[in-house]
Every structure is written in C-alpha cells, then in structure tokens.
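Where a number appears in this text, it was derived from the coordinates with a stated rule and is not lab data. Not measured: the values here are computed from a predicted model. Positions of Cβ are backbone-derived with ideal geometry, glycine not excepted, and every protein chain shown enters the neighbour counts.
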Amino acid sequence: MTTSFPKDFLWGGAVAAHQLEGAWQAGGKGVSVADVMTVGSPTKYRAITDGVLPNEYYPNHEGIDFYHRYKGDIALFAEMGFKCFRTSIAWTRIFPNGDETEPNEAGLKFYDDLFDECLKHNIEPVVTLSHFELPYHLVTEYGGFRNRKLIDFFLRFAEVCFRRYKDKVNYWMTFNEINNQANFHEDFAPFTNSGIFYQEGEDREAIMYQAAHYELVASAKAVKIGKSINPDFQIGCMIAFSPLYALNDKPENALMSLKSMEKRYYFCDVHVHGFYPNHILKYWERKGIKIDFTSEDEKALKEGTVDYIGFSYYMSHAIVHHEKNVHYDYDETKDLVRNEFIKASDWGWQIDPVGLRYSLNWFTDMYHLPLFIVENGFGAYDKKEADGSVHDDYRIDYLKSHLEQMKLAVIEDGVYLMGYTPWGCIDLVSAGTGEMEKRYGFIYVDKDNKGNGTLERSKKDSFYWYQEVIKANGEKI
Ligand code: BGP
C-alpha cells in the first residue's frame, strides 16, 4: 500500500509543561494547581492539597527536570526525526499568580530559548496555552473559571504569548481537553483547566456549564486576538475524544450512544460553529440551568472559530440505555460499560485501534476541518535492563495498530490529517495519577513514583521503531 501522508506531515511527540519541566519555583514561577497535587494510584486520582504541605510528595515540582535538560531531550527528539514538538506554556512562569498586569520576563525568556532550540533542529513548536496548569492563586482567590474575571486573565496571558512568540510558533491550541470538565462528579478532577472545587450541596452541573461557557468565550476571544497579531497562525481547539459505542443493536442503546456523544462533544460544536447546538439549550431549559451568557459572548463565539481540531485518543467506551432514563441524559458514572471485544491497559483504559479510525471519520463528517491527533499512546510499566535497554514491544504494538488505522482513515476515507504527536514522547508525570511509572515514552527516564532515580535518559526499543516510521513518512509501520 502506498502512503498518502503529505511530505509536510507533522510527525512528533506531545508533552505538557507541568508534567515534565519541574523547576517549579525557578525564574520567579508561581504555584500552579498541578504543583499542589499529590500521587494517586492506578485506581485513584491524585488529590489536590490546600497549598504546598511540608510532608507531602509533589511529583510535578521536579518533573523530569526538563527545564534544565531540554537541550539534550530535544536533541533526542531530533534524532528520532521529529518534525514538531507539542508542549504547553506554563501560565505560572509568565504570570506567577495569574492576575498580575505585567508578565515575568524570566519565564518568557525560557520559552524563547526552548522554541529556538526546537527551531535549530527544524522542529516546529506546537503550543497549548492552558494544559491543566492554572495558577493556584486564581483558584483560591477567584474560584477558578466559576468567575468571569478569569476570561480576561486568560486573554492577557494568551496575548502576551502570541506577541512574544509570533515569529517562532505557528500552531496553537487554547484549552487542552476542554470537555473533560463535563465530568463534575469528582470534587476536583486533575484533568481540567477550570480550577473548580465543588462544595457539598451545590448544583455542580450548572457551575460546570457556566465555567465551560467562560472557557469557550475565552478561547474564542483568544483566537481573534491571535489572528489579529499574526493572520497566518493556525489556532485549534483540543478535545478529549473516546467514541461511545452502543453496547449492542438494541435501538435504545443506539440512541443513547448518539445522545451521549452530542453531550460529551458539544464543546467542539461551539469551537467550530461559534454557537451552541439546540440540544444543549433544551437541556439547560429542562434542568432550569441559567447561564450568564451576554450578547457580547454570542458575538465573540462567532468571531473566534478555530482553524483545526486537535484531539486526544486513548480508548473507546461502550454505553447502555437504562429504562428509567427517559430523556437519554448521559451520565458517565452510570452508563458506561465494559466492551467484551477489547482489552484494557493496567489502568483500565480500553485499547481500541479501530476506534481511532472511527474518531477521524466522525470528526470529519461532523465538522469538515483539518484534524491533528495531538495525543495517543499506551501508559505501561517498563523494565530497564542492566545494559540500559527497554524492550517495550507492547507499546510498539499499541502504536503500530493505531497508526495502521490512522493510515486507513487518510488513504481510504480521505480524512485531512495534519499530524500525529503521541503522548509523553519522553516519560513524564502522569496527569491523572501523578505516577512516574505509568510510562508512555520512547525515552525512558530513571525515576520512580516516590521520586527516586538519577533522571538519566535511555532509548527504548520504541525509539528506534518510531525513528523508522518517521524516516519512511509512515510508509513502513
Ligand atoms: C490526557 C492529558 C495529558 C496526559 C494524558 C495521559 O488526558 O491531556 O496531560 O496526561 O491524558 O493521562 P495520564 O497521564 O493520566 O496517563
């Protein structure tokens, strides 16, 4: 089979600042929500503590010390042949508390140097503005994105970044996995940008929709500002995507699958079309949810639609309809079930390569925009041998099977795909659990869940495999 990946296809890898940089107080950096999170386990999300407590271990404080070692790491990415590198800008390096009026020069300088280093190796930086690293001060002082003021704080941050890096960065994303907050059952979920602690007895759902609205407005306004600074910028959204299949051919399950997908992914409709779909408006009406939604917001959403859709893909789910659920309201704590056709990772993430082709087709059919797979990968325990090698054939199998489906989507289905950046191209701190030993990388980092290790880097077998894939532009998988 011949490949149809374009010559400029963006092969690369993805990370987020807070998960690898460490140096949490260097160069005047402030405290982010990730800095006050402890370590969880495969079955338990990490906890957020009330500030930085003396006897807790905070894995993000050191990360993998990328802040001081980025030159060596980028050289390894270049050796693999990366065309791009997706990372985020830690908001707290630029505005340590989030509400200052003047940015922190030392923080800005760090990303100048980082992006220059990438460009030196012909690696195009792909930048997420907000990747689960809200300044903690914005949480304690303002209640996170419950508060409309956060829109302006975000815009100040976004504008400073757009202006400073306008000649170095072309590809941007506003909020990482913006739709994750739709799970409001956790008191505080580590996988969000909203910085919201839910209290007993409050209407969590209404608060979530309000915060999500402010983020969508902030995103749209940022797109408009970015385009006015450099009309050539490509600015995308970023959606956490898992197809929700009907468990079987019972018609009610098929409808449930459809209604759940609508509800989980309406964020993408707003980013792409610039308005809310009717089903959400009807849902708010039925639930008595009143949103602070001004005519200025309405205008902003229309004026700030995105250029492309970035998305993460790790797994799929199966879904059932329960008889009592007369409105087909999606509730992920009740409706998701195991799919007997697929296996799961040690963290319970269900492995489904065909679901990636499904996802690429779904986005294309719904939105007809260029797509960018900005996260995909297999979190697993690795063993480093005495000679420094790591035989991660399970990771190669995962990535290979997903690349095969990605290729079919491009070649047979005609999906327009800009690039592919597997998650955690170098081992880093897990966002969900804070573990170091949930590893995704092509590069092994010597560090364990308690923070012990030399931080030495070693190439895994997957490093050489991915190098060949890129060299052949996906011809050989
Ligand atoms: C996504 C996040 C990433 C990343 C990844 C893997 O949801 O955007 O930040 O961490 O998931 O998740 P985890 O680190 O929990 O294995």
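In table form, for the structure just shown:
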read-out: Which of Gln25, His61, Thr101, positive extreme of dipole for the stretch 20-106 (C-beta unit charges); value: His61
read-out: Net lengthening on full extension, Lys224/Glu468 (0.36 nm per residue, minus Cα-Cα); value: 83.9 nm
read-out: Mean projected area (nm²) of the alpha-carbon convex hull when the stretch 352-477 is viewed from all directions; value: 8.3
read-out: His368, His321 arranged by Cβ crowding within 10 Å, fewest neighbours leading; value: His368, His321
read-out: Estimated 222 nm signal from helices in the chain, with DSSP H stretches of n ≥ 4 weighted -39500 (n - 2.57), rounded to 500; value: -12000 deg cm²/dmol
read-out: Interatomic Cα distance distribution for the stretch 305-363, bins of 5 angstrom, percent; value: 4, 14, 20, 19, 19, 14, 8, 2, 0
read-out: Net +/- balance of residues flanking Pro277 in space, Cβ distance below 9 Å, scoring K and R +1, D and E -1; value: -2
read-out: Pairwise FRET efficiency - Arg204 versus Glu79, Cβ, R0 = 41 Å, nearest 0.05; value: 0.30
read-out: Evaluated over the stretch 233-340, the Cα radius of gyration and Dmax, each in Å; value: 15.8, 48
read-out: FRET efficiency estimate (nearest 0.05) - Cβ-Cβ, Glu456 to Phe275, R0 56 angstrom; value: 0.65
read-out: Solution diffusion estimate, µm²/s, Stokes-Einstein, the chain, Kirkwood Rh from C-alpha pairs, 25 °C, viscosity 0.890 mPa s; value: 109
read-out: Among Asn170, Leu216, Gly236 the positive-end extreme of the charge dipole of the stretch 156-258 (Cβ point charges); value: Asn170
read-out: Given charges at beta-carbon only (K, R positive; D, E negative), |dipole| of the stretch 15-100 in Debye; value: 320
read-out: The chain, dipole about Cα centre (Lys/Arg Cβ +1, Asp/Glu Cβ -1), debye to the nearest 20; value: 580
read-out: Positive-end extreme of charge dipole, the chain - chosen from Val36, Gly474, Ile319 (charges on Cβ); value: Gly474
